[in-house]
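Student: The structure follows.
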Amino acid sequence: MFSMRQPVAVLEPTSAVACCAPIAGPGLSDDEAVATAELFRALGDPARVRILHILATQTDAVCGCDLEQPLGLSQPTVSFHLKKLHEAGVLEREKRGVWVYYSLHPEARRRLSDVLRLGRRRSR
């Protein structure tokens with residue numbers, strides 16, 4: 001078989017100019033990176049992402065029983081996902097009689113906001 005391979009030209013650097021702009025900020029601290037990884041781990045299931053979205057768009061806490069119908073999931077499955085999100089620190093829970101009401105934890109809301117502002121400078 002006939003091959004028409006051409007030699008590859010190796011370019012030598014012509015100036016001392018850096019190839020890229022330096023990174024502007026230090027990024028996440030170790031603690032912020034761990035907290036963000038835990039948040040992503042907690043959101044590793046589509047049902048949990050949907051629960052988070054529902055709760056983030058409500059003005060008041062939502063009873064766990066009211067999540068079954070919009071999610072199309074059984075009560076034990078909804079409870080399982082709510083428990084996982086609560087254990088991860090994403091949700092706050094308040095018991096009212098026999099019912100448990102859930103809302104997005106303010107710190108989780110802040111972390112999610114920071115993560116979703118990719119490419120924008122964070123103000124502190």
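The values are calculated or read from the model by the stated rules, or taken from the named source; none is laboratory data. Here the structure is a predicted model, which means the values were calculated and not measured. Here the Cβ is made from the backbone with ideal geometry for all residues, glycine too, and neighbour counts use every protein chain on show.
Student: Could you tell me how many of the residues in the range 74-101 are farther than 21 Å from residue 36 by Cα, buried (at least 16 other Cβ atoms within 10 Å of the Cβ) and in contact with a helix residue (DSSP H, G or I) (Cβ under 6 Å, 6 or more places away or on another chain)?
Tutor: Qualifying residue count, the range 74-101: 2.
Student: Do any residues in the range 103-124 that are assigned to a loop (DSSP other than H, G, I, E, B) have Cβ atoms under 8 Å from those of residues that are modelled with pLDDT of 85 or more, where the two are at least six apart or on different chains, and which pairs are they?
Tutor: Here the result reads 105/89; 105/90; 105/91; 105/92, each pair linking the range 103-124 to a residue that is modelled with pLDDT of 85 or more.
Student: What number of residues within the range 47-83 satisfy the criterion of being closer than 18 Å to residue 109 by Cα, without any contact (Cβ under 8 Å) to a residue 24 or more places away in the chain and part of a helix (DSSP H, G or I)?
Tutor: Count: 5.
Student: May I ask you to verify whether residue 111 is within 25 Å of residue 35 (Cα to Cα) and among the basic types (Lys, Arg)?
Tutor: yes
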